Amino acid sequence: MSNPIIKLNTLLSARGYDKGLYFTHEECTYLYSLITNGSLRIAELEAELKNARELIGMTPEPAFPAWIPVSERLPEDKLDVLAVSRGGLIISCFIDEYKMWYAPCADRLNVTHWMPLPTPPEVQK
């Protein structure tokens, strides 16, 4: 069985994909099958991993929280969160009383998105 990644790289190079050339119908069908089969295999592996975790009593990995736009929702009053301001990350809180974001040593915050901070690890004594 040939390696589909090598086939894909060969196909892309031969067709000059980076030069703006188009794929034939057959090439598109082949690429679609690679993507579809790859997606199915990923789903199979994820299911196997989930089953293996359950067998050994391991809890599922926690999902990483998604970024929340401030236009959709603001965090609880004075709760520290990870925020995006002016393209950078900052730990900040929203002060409801003043309708403003606050972070020590930062001014002119322009927060667009935020997410809850993760739970700190337990300290072993």
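Remarks
- Note on the range 76-123: residues that are loosely packed, with under 10 Cβ neighbours inside 10 Å and more than 24 Å from Phe64 (Cβ to Cβ) total 7.
- Summed over the range 42-71, residues that are hydrophobic (A, V, I, L, M, F, W, C), within 16 Å of the chain's Cα centre (by Cα) and modelled with pLDDT of 85 or more total 3.
- Residues located in the range 63-78, provided they are in a loop (DSSP other than H, G, I, E, B) and either within 11 Å of Met115 (Cα to Cα) or among the acidic types (Asp, Glu) (or both): Phe64, Pro65, Ala66, Trp67, Val70, Glu72, Arg73, Leu74, Pro75, Glu76, Asp77
- Every residue from the range 1-30 that is at pLDDT 70 or above, of a type outside the set (S, T, N, Q) and surrounded by 10 or more Cβ atoms within 10 Å (Cβ to Cβ): Glu27, Cys28, Tyr30
The values are calculated or read from the model by the stated rules, or taken from the named source; none is laboratory data. Remember, predicted model here, so these are calculated numbers, not experimental data. Backbone-built Cβ (ideal geometry, glycine too); neighbour counts: all protein chains shown.
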